[in-house]
Amino acid sequence: MGLILNLTNNLGEQVVRLTMSKLRMNVKAAPIIGAALGALLISACVVGVGQAEDLPEGFAKGDLSPAPPAEMIEAGKRVYFTKCVWCHGVDGAGDGPGADRLWPRPRNFNQGTFKIRHTASGELPLFNYNEKNPDSGKNDLLDTVTHGLPGSAMPPWEGILTEEQRIQVLSFVTTQLVKDRKFTDKESESQTILQLGTIKPVEATEESIKKGAQLIVDKKCIECHGVEGRGDGNAFNLKDDWGFSIQPADWHKCWNFRGSRQDPYNVRNIFRTFSTGVNGTPMPSFADSTSVEDRWSIANFVNSLCERDAEGKPLSIDPLTDKPKINFVVPSAPVEGEISNDPENEMWKKQGRRYVAMGGQITHKPRNFVNRIDDIWVRSLYNDKDVVYLIQWDDRTKSVAEGKLPWAPTQVNVENFGVKEQAPKTGEEGSIAAAQNNYAVYNDGIAFQFPIKWQEIPAPFKPRYLFGDVKFNADILKWESDGSLRSFRGTGWDQDFEERDDFEEKVKLLKAEWKNGQWTVMISRPLKGDKDDYDEYTRFDIGKYIPMVFFAWDGHNGDAGRKMAVSAFYYTILQPPIPQEVYIYPAVIAVGVVLLEGWMLTRRANKKKGKVL
Amino acid sequence: MKALMSVVALIGVLGLLMLIGMIFGVIPSNTIRLVEGYMPMQVLSELAIFVAGFAGLSYLANSMGVAFPRFWQGVLFWVFIQTYLKFRIYPPIPFSVRAMYGTVSFVAVFMWVSANEEDWKKFRQPILNVLDANTGFHKALRTMYLILLPLLIGGFSFMTMKPSIDEPIELRTVHPAPPASTKVHGKTYTLQTSQNPYRVNLEGKYDQDYSNKLIVEQGMGRLMAPNANPWDDKAEGYLKYVREGGEIFFQNCHFCHGDNLNGRGLHAFAFNPIPANFTDPGTIAQLQETFIFWRVAKGGIGLPNEGFPWASVMPPWEQHLTTDEIWKVILFEYWHTGYYPRTWD
C-alpha cells in the first residue's frame with residue numbers, strides 16, 4: 001500500500017501504468033482489495049493523473065500530432081496522383097479503377113478507418129510528419145506505406161518513394177482524403193497508444209504457448225479463425241464496415257498478415273494487432289479483457305502456428321516477394337514396399353515438403369483475379385510400381401457441388417455455364433464485390449500435369465503450362481471433392497480434355513480429407529503404363545527432372561474450368577540411390593593429390609640441394 | 001591516428017560479426033535490409049566499410065607488434081569476398097558469376113601481394129617455410145597439410161559428384177527478336193512503321209517530343225511533371241489517354257507487373273519467369289513501342305521458343321483488350337516509368 005501511494009504521488013504516466021497493471025492483477029486475485037485500491041487510485045486521479053484509470057493495460061495516453069504544413073500536403077498530392085489514385089480513387093474512397101477487381105479492396109480513406117495501428121480500437125492511427133523513421137512505433141501510416149500490406153495488392157513503397165515522399169503523401173491523405181474525422185481535432189480524437197517498445201515480451205516457452213492455445217478457445221478466437229487457426233471458422237458471415245465480405249486471417253500463413261511489416265515471424269506484430277484490433281473489421285481489440293501476459297501467450301501461440309521447416313525454424317522469406325522462398329524441385333524419395341496412406345506415418349514425416357506458390361490463372365478467360373489458394377504443400381514418395389503425391393493446402397471451406405455439374409468432367413470451356421470472369425463495376429450485379437461468398441458452389445479440386453513424352457522433348461522445351469499443346473500433350477490427373485480422380489490428356493488451353501479410362505483403374509486416391517480448413521489429398525499413379533510404350537502416359541525414369549504444373553480450385557470461390565489457381569513449372573525427380581562411381585572417383589583423385597604432393601616436395605628438396613631436374 | 005584506426009577497426013569487426021551472425025542465423029538476416037533502388041550503393045559502401053575496417057585492424061595489429069602475415073591477409077580477404085557475395089547479395093548470384101568474381105578478386109589479391117619484390121617475398125615466405133619444414137612447428141603443419149589437402153579435395157569432388165536435386169538452370173531470352181509484322185484483330189501492323197496512335201500533341205499529330213515533356217520525372221519516386229496530372233479534369237489528348245491507359249493497366253496488368261510497374265504484383269510471387277520490371281532500364285526503355293505492342297498483343301504463348309512460350313503466363317492481350325486499349329496501356333507504361341520509347345533511327 002505504501003508503495004502504491006508513493007508511486008501515485010509521482011504523476012508520471014509510466015509509473016501509473018505500472019501501478020495499473022499491478023492493480024489489475026490484484027483485482028483478479030481478490031476483488032475486495034482491488035476495490036479498495038481502485039478507490040485509492042481514483043482519489044489519486046482527482047489530484048491530476050487524468051483518465052489513467054480507463055486505459056487498458058499496456059497503453060498510455062498520447063498527444064495528437066501537429067497538422068502537416070501546407071506545402072507538404074501539396075507535395076503529397078503530386079505523389080498521390082502519380083502512384084495511389086489508381087486504386088484508392090480520386091476522392092480516396094477506395095474506388096479507383098483497380099478496385100473493381102481487387103480483393104481485399106483498397107482502403108476507403110474517407111472514414112479515417114485504418115487497420116494496422118498502435119492506437120486503441122476505433123482511434124485514428126499514429127501519423128506524425130516529423131517522425132521520419134519507419135519502424136519507430138510512432139508512425140503507423142508510414143510503416144504501412146513503407147512495408148505495404150502483404151496478402152493485399154498494397155506493395156511496400158520503400159525503395160520506390162523516399163521517406164520524405166511517403167510522409168508527403170500521407171500528409172495529403174490524412175488531411176484531404178480522410179473526410180469524416182480530423183487528425184488534429186482535440187475535441188473528438190484521442191490517442192491511446194500501445195507501449196510496444198517498452199513492454200517486455202513473454203518468452204515463447206512451451207508453457208506460454210500452451211496457455212495461448214487454451215486462451216484462443218476461451219476468448220472465442222476460434223469462432224472466426226477456426227479450431228486450427230486456418231481462418232475457417234465463421235468465414236462466410238463476416239463483413240467490414242462498408243458491407244463487403246471479408247475473411248478471417250489464416251494463422252498458418254503469417255507472411256500474409258497485413259500487419260506483418262515484412263517481418264512475419266515477429267511475435268510483436270501479432271501482439272500489436274491483438275491488442276489494438278483491426279478497425280473496420282469484426283476483429284476487436286482484446287486489450288480491455290486480456291492482461292498483457294495473456295496477450296503475449298496468445299501471440300506466442302498464434303506465431304507458433306505459422307508454417308515452419310522440418311527443424312521448426314521459420315521459413316526463409318524471399319525479400320523480393322515477402323513470401324516463403326521457392327524451390328522448384330519436388331523430390332520423390334524411394335521407399336521399400338507399400339507407401340502408407342497416413343500423412344503422419346514416419347516415411348512421410350521423413351520426406352521434406354515443398355512449398356508450391358499458386359497464382360490466379362489470369363492468362364485466358366475466365367481469369368481468376370481473386371485467387372483463394374495461394375500455396376500448396378507437396379511431398380512425394382515412390383516404390384518399384386507407383387509414385388505417390390501428398391498434397392495439402394488451406395481452404396476455408398469444403399466445397400462440393402450440389403447435384404450433378406452441368407458440364408462433363410472433360411469439359412474445359414465452361415464459360416457458357418456461368419463460370420465467368422468479373423467485368424462489371426463494383427455495386428453492379430455480377431461484380432466481384434457482389435459475388436464474394438455468394439458464388440454458385442462448385443467442387444474443390446487439385447490437379448497436376450506432366451509432359452507425356454518428356455523423354456523426347458529436348459530441355460528446356462515443355463508442353464505449355466496450361467494443359468499442354470497440340471505438339472506436346474500433357475498427362476493430367478485431376479481430383480475433385482466429389483471423390484473422383486480422373487486421368488486426362490491435355491492438348492491445349494482451350495481444348496477439352498481427352499479421357500483415358502484404362503488408366504483410371506491404375507491411379508488411386510489414397511486419401512482425401514478436409515479437416516479444420518485444410519485439404520489432405522494423396523494420389524498414387526503408376527511409374528509407367530502397361531507396356532514400355534509411353535505414348536499415352538508419362539513414364540517416370542529415376543533421376544530425371546520431369547516438368548510438373550499444379551492446378552487448384554476453390555469451389556466456394558466459383559472456381560471451375562480455367563477459373564482456378566495455377567503454379568509455375570516445377571520439376572519432380574525420383575531421387576536415385578547413390579551410384580558406386582561417386583565413391584570411387586573421389587578416392588582416386590585423393591590418391592592423385594598425394595602423388596602430386598610427393599612430387600612437389602621432392603622437387604623442392606632437390607632444388608635446395610642445388611640439383612637441377 | 002591510432003584512435004581513429006581503432007574506431008575503424010572496431011567497425012570492421014562489428015561488420016564481420018554481423019555478417020557471420022546473419023550467415024548462421026544468430027542475427028535475423030533482415031537486420032540491415034538491402035533495399036531495391038539503393039542496393040548497388042549499399043553493397044559498395046558496405047564493402048568500403050569492410051575494407052577500411054580491415055586496414056584499421058591490420059594497422060592496429062602492426063602497432064601492437066603482432067603483425068598478421070601478408071599471406072593470410074591475402075587468403076582471408078579473398079575468402080571474405082566470396083563469403084560476402086554468396087551470403088549477403090540477394091537475389092543470390094549464380095555460381096558461374098560468383099566464380100568470375102572469384103577469379104577477378106583472386107587476380108586483384110595476387111597483384112596486391114606481389115606489387116613489389118619485398119611484398120612478394122613476404123607473401124611466399126610462409127609457403128616456403130611450410131614446404132621446407134625447418135622447425136618442428138612447420139613440420140607438424142606440413143604433415144597436417146599433406147593429410148588434409150587430399151581429404152578436402154576428395155571430399156569436395158565427392159560432394160560435386162553426388163547426385164543433386166538442385167534446380168536445373170535454364171536460360172531464357174527475355175527480349176527475343178520480333179517478327180517483321182504482326183496481325184492483331186484482323187489488322188496487320190508492320191513493326192518498323194507502326195506508331196502509337198495516342199502519342200499525339202494537341203493538334204492530334206504523332207509527336208514524341210510533346211509527350212516526352214509530359215512524362216514523369218526521373219529520379220527517386222518518378223513523380224508526375226508539375227502541371228501534367230492525367231487526373232486533372234482539364235487533361236486532354238495525350239494526358240487523357242495516359243489516364244485511360246492507367247485505368248486499363250490497373251484492371252488487368254498490375255496483378256503481375258505491380259502497382260509500381262516493377263514486376264511485384266499480387267500474383268507475381270507464384271510465377272516463373274517473373275513478370276517484367278518496367279522500371280528497370282533494361283526493359284521497355286530499351287525497346288520500341290511497336291515491339292511492346294507485339295509482346296502485349298501476342299503474350300507469352302506468342303513468343304518464339306527462346307522466350308519459353310510454354311512457361312510464360314503473360315496473356316495474349318488480343319483476347320482481352322481492343323487494339324486501342326493495348327496502345328493506351330503502352331502509353332501509360334512509358335509515362336509512369338518516365339522512359340522514352342526507343343525509336344528506329
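The values are calculated or read from the model by the stated rules, or taken from the named source; none is laboratory data. Note that the coordinates shown come from a computational prediction; the quantities given were computed from them, not determined experimentally. Reconstructed Cβ throughout: ideal geometry from the backbone, glycine too, with neighbour counts over all protein chains shown. We work out accessible area using only protein heavy atoms, side chains counted, and drop any ligands, DNA or RNA first. Shrake-Rupley method; radii C 1.70, N 1.55, O 1.52, S 1.80 Å.
Some notes on this structure:
- Answer residue from segment A:62-91, given it is assigned by TED's automatic domain parsing to the domain that holds residue A:174 and touching a strand residue (DSSP E or B) at 6+ places or on another chain (Cβ under 8 Å) and is nearest to residue A:155 (Cα to Cα) among those: A:83
- Per-region count, segment A:428-484, residues in contact with a His (Cβ under 9 Å, 6 or more places away or on another chain) and modelled with pLDDT of 90 or more: 4
- Some residue of segment B:213-235 being under 19 Å from the mean Cα position of the chain (by Cα), assigned to a helix (DSSP H, G or I) and more than 27 Å from residue B:194 (Cα to Cα): no
- Residues being more than 9 Å from chain B (Cβ to nearest Cβ) and open to solvent by less than 50 Å² (accessible area, probe 1.4 Å) - total across segment A:571-597: 2
- Total residues in segment A:350-366 satisfying the condition of being more than 7 Å from chain B (Cβ to nearest Cβ) and free of Cβ contacts under 8 Å to residues at least 24 places away in the same chain: the figure is 1.
- Matching residues in segment A:325-343 - criterion: being under 23 Å from residue A:303 (Cβ atoms) and at the interface with chain B (Cβ under 9 Å from one of its Cβ atoms): A:326
- Tally, over segment A:90-105, of residues that are facing chain B (nearest Cβ under 10 Å) and open to solvent by less than 30 Å² (accessible area, probe 1.4 Å): 7
- Checked against (1) within 24 Å of residue B:342 (Cβ to Cβ); (2) aromatic (Phe, Trp, Tyr); (3) within 9 Å of another protein chain (Cβ to nearest Cβ), residue B:156 meets all criteria but (1).
- Matching residues, segment A:554-582, being assigned to a loop (DSSP other than H, G, I, E, B) and at pLDDT 90 or above: A:554, A:558, A:559, A:561, A:562, A:564, A:567, A:568, A:569, A:575
- For residue A:195, the test of being open to solvent by less than 20 Å² (accessible area, probe 1.4 Å), more than 26 Å from the chain's Cα centre (by Cα) and of a type in the set (S, T, N, Q) is failed.
- Residue within segment A:198-209 that is within 30 Å of residue A:439 (Cβ to Cβ), open to solvent by 50 Å² or more (accessible area, probe 1.4 Å) and either part of a loop (DSSP other than H, G, I, E, B) or at pLDDT 95 or above (or both) present: no
- Within the option set A:289, A:332, A:297, being assigned to a loop (DSSP other than H, G, I, E, B) and touching a residue at least 40 places away in the same chain (Cβ under 8 Å) holds for one residue only, A:289.
- Criterion (free of Cβ contacts under 8 Å to residues at least 24 places away in the same chain and within 14 Å of chain A (Cβ to nearest Cβ)) met by exactly one of B:299, B:338, B:307: B:299
- Hits in segment A:390-429 (condition: open to solvent by 80 Å² or more (accessible area, probe 1.4 Å) and touching a strand residue (DSSP E or B) at 6+ places or on another chain (Cβ under 7 Å)): A:398
- If you check B:60, B:19, B:34 for being closer than 30 Å to residue A:134 by Cα and at pLDDT 85 or above, only one passes: B:19.
- Candidates A:259, A:312, filtered to the one that is part of a helix (DSSP H, G or I) and under 19 Å from the mean Cα position of the chain (by Cα): A:259
- Candidate set from segment A:159-180 (those that are over 25 Å from residue A:195 (Cβ atoms) and in contact with a strand residue (DSSP E or B) (Cβ under 9 Å, 6 or more places away or on another chain)); member that is least open to solvent (accessible area, probe 1.4 Å): A:169
- For segment B:239-255, the candidate set comprises residues that are more than 7 Å from every other protein chain (Cβ to nearest Cβ) and of a type in the set (Phe, Trp, Tyr); within that set, the residue that is most open to solvent (accessible area, probe 1.4 Å) is B:241.
- Residue within segment A:434-452 that is open to solvent by less than 50 Å² (accessible area, probe 1.4 Å), within 14 Å of another protein chain (Cβ to nearest Cβ), under 30 Å from residue A:97 (Cβ atoms) and aliphatic (A, V, I, L, M) present: no
- Residue match in segment A:138-158 (condition: part of a loop (DSSP other than H, G, I, E, B), of a type in the set (Lys, Arg) and crowded, with 18+ Cβ neighbours inside 10 Å): yes
- Qualifying residue in segment A:461-475 (condition: among the aliphatic types (A, V, I, L, M), within 14 Å of chain B (Cβ to nearest Cβ), assigned to a loop (DSSP other than H, G, I, E, B) and within 31 Å of the chain's Cα centre (by Cα)): yes
- Meets criteria (without any contact (Cβ under 8 Å) to a residue 60 or more places away in the chain and in the same structural domain as residue B:13 (by TED's automatic domain parsing)) for residue B:50: yes
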